[in-house]
Amino acid sequence: MTLNLRVMAPNRIVWNSEVQEIVLSTNSGQIGILPNHAPLLTALDIGIIKIRLREQWSTMALMGGFAMIENNQMTILVNEAEKAIEIDFQEAQEAFREAKANLSQAEGRKQIIGANLAFKRAKARLEAINANASDVSN
């Protein structure tokens, strides 16, 4: 049994296919979605989504949004999404180091909020790469 997953960013459809399982980061923690899941509408945190299709796992970095599931149809609307296989590891590492440094030097409420957001985005991109690498090696 499967469910249809559609991940949409403002400028493109990132994913649209049948899947067997989904694990995603909500504002209240990670949740797993299997076929015949109860209807649900939830806000998504900046983090990763893991998708299982035919015993293969794929990972993406999601930059916040909303997810809705009903009748084995899951729609995810995100501000931005990036498949792990499309993320350059060296660039992601550098962005993470830079975001971490900026966060430690941020002063004032507005600067701290912006630096924290950039840090969470950079961390999600690295987590997507690392999760994808560990899933491929298993």
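Values in this text are rule-based calculations from the coordinates and carry no lab data. Here the structure is a predicted model, which means the values were calculated and not measured. As a convention, Cβ positions derive from the backbone with ideal geometry for all residues, glycine included, and neighbour counts pool all protein chains shown.
When the chain is treated as a GNM with alpha-carbon contacts under 10 Å, the residue of 87, 112, 48 showing the greatest mean-square fluctuation is 112. With neighbours defined as other Cβ atoms within 10 Å of a residue's Cβ, the residues 100, 110 order from fewest to most as 110, 100.
Between the alpha-carbon centres of region 81-124 and region 1-72 there is a gap of 23 Å. Here is the tail figure for the chain: Cα pairs spaced more than 23 Å apart come to 35 percent of all pairs. In the chain, the longest principal axis of the Cα atoms and the axis of helix 109-137 are about 50 degrees apart.
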